[in-house]
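Everything on this sheet refers to the single structure shown next.
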Amino acid sequence: MAKRDYYEVLGLQRGASKDEIKKAYRRLAVQYHPDKNPGNKEAEEKFKEATEAYEVLSDDQKRAAYDQFGFAGVEGMGGGQQDFSSAFRDFEDIFGDFSGIFDTFFGGGTRRSSRTTSGVRQGSNLRYDVEIPFQDAVFGTKVEIQYSRNDTCPACHGTGSAGGAGRRVCPSCAGSGQIRRSQGFFSIASPCPTCGGEGYVIEHPCKECNGLGTQKKRQKIMVTIPPGIEDGKRIVIPHQGDVGPNGGPPGDLYVFIHIKPHEYFERDGLDLYCAIPISITQATLGSEIYVTTLEGKKIKVKIPAGIQHGKMLRIKEEGIPSGGRRGDLYIKLYIEIPTKLSKRGRELLEELARIEGENSNPNPIPLSQIRDRS
């Protein structure tokens, strides 16, 4: 079954706010949660579908990629595929530790700690868009890019504490990162306001990074573009995203490739196409011409006598290289009709017309023949 648009799944317009996205997901999650619908496969699938949509649309980076490129934009970024345990995790992110809710209503639940006691978590993935010439996309290249990322603070080495003072367990939540409150039959968990959900507090924050443990850093890296890459594809560079807070591991860098159109060539898969003009006499009598490929090579091509306008000729293995093979180069022939003739040239064409005869009452050409000539 084809996947539904994420906004459609949540019943939202594309300009929906984060709060609207969260409310829409909360409503669907409560309605279709498996604990409320035991054995109901349809409800389970709807719950998974809503969770997948929320995972993408609640994340600014994933949402921007999805809005621009659709499902292909979030492929490999945690969107598009999600197991059932991940669905439970996302559900908890909205409702907090929901054991109190489902213990009350369904007699069971799942608990987890959203962070380790050290509060370490992975940094964010980053996106960089780069435009390259058509020829570089065909044959591959290397591109130097420059971007900003959160890097480990050199003053505190990522701890967020000044002078190695360290940190202590948050007195408000006892290290859990959550404050639980009861409302009638409900037990609701929310991030601790004292520690911001981290589970600890820094007694003497580092002055260089204000206790974050990270600082913005401008860096340059060289990105290798493989031969034959297509427009809109991405290259994943591991561990070059933001460094996680509190010494957490870095995320990845996603480099999206955009290709400038070429003046003379275009591609279809691994094949290249171009158009070459020939004269009436070359088309009528046949000829040999030299065609310049995308690489700059000159290849001799034989034009058979009587060839028709728009006919396609193929040069094998002069297309796009990829994966140990190479596509072909297709040449579409355009017969140029002279707009100005010398006196002698006009006399010769008039003589040819008398010799060969001219059809002043032509019948239409069957469309099947037109297609066969292209």
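The values are calculated or read from the model by the stated rules, or taken from the named source; none is laboratory data. It should be emphasised that the depicted structure is a prediction, and the values quoted were computed from it without experimental measurement. We place every Cβ from the backbone using ideal geometry, glycine too, and count neighbours over all the protein chains shown. Please note that ligands, DNA and RNA were not included when accessible areas were found on the heavy atoms of the full protein model with its side chains. Shrake-Rupley method; radii C 1.70, N 1.55, O 1.52, S 1.80 Å.
Remarks
- Region 234-266, residues that are in contact (Cβ under 8 Å) with a residue 60 or more places away in the chain, under 29 Å from G296 (Cβ atoms) and either assigned to a loop (DSSP other than H, G, I, E, B) or of a type in the set (K, R) (or both): K260, P261, H262, F265
- Residue within region 47-58 that is surrounded by 17 or more Cβ atoms within 10 Å (Cβ to Cβ), in contact with a His (Cβ under 7 Å, 6 or more places away or on another chain) and free of Cβ contacts under 8 Å to residues at least 60 places away in the same chain present: yes
- The sole residue among G269, G251 that is surrounded by fewer than 13 Cβ atoms within 10 Å (Cβ to Cβ) and at pLDDT below 95 is G269.
- Filtered residue count, region 213-231, keeping only those that are surrounded by 14 or more Cβ atoms within 10 Å (Cβ to Cβ) and either in a loop (DSSP other than H, G, I, E, B) or out of contact with any strand residue (DSSP E or B) (no Cβ under 7 Å at 6 or more places or on another chain) (or both): 6
- Residue, farthest from G319 (Cα to Cα), within region 215-240, restricted to residues that are among the aliphatic types (A, V, I, L, M) and more than 15 Å from the chain's Cα centre (by Cα): I221
- Just one residue in the set G319, G306 is of a type in the set (G, A, S), in a loop (DSSP other than H, G, I, E, B) and within 30 Å of V138 (Cα to Cα); that residue is G319.
- Of the residues making up region 156-187, those that are in a strand (DSSP E or B), modelled with pLDDT under 75 and hydrophobic (A, V, I, L, M, F, W, C) number 1.
- Boolean, I335 is in contact (Cβ under 8 Å) with a residue 60 or more places away in the chain, β-branched (V, I, T) and surrounded by 12 or more Cβ atoms within 10 Å (Cβ to Cβ): no
- Scope region 312-325; condition open to solvent by 70 Å² or more (accessible area, probe 1.4 Å) and within 17 Å of Y273 (Cβ to Cβ); matching residues: R314, K316, E317
- Enumeration of residues in region 24-53 that are of a type outside the set (F, W, Y) and within 27 Å of the chain's Cα centre (by Cα): A24, E45, K46, K48, E49, A50, T51, E52, A53
- Taken as a whole, the structure leaves Q68 outside the set of residues that are modelled with pLDDT under 85, surrounded by fewer than 17 Cβ atoms within 10 Å (Cβ to Cβ) and either in a loop (DSSP other than H, G, I, E, B) or of a type in the set (V, I, T) (or both).
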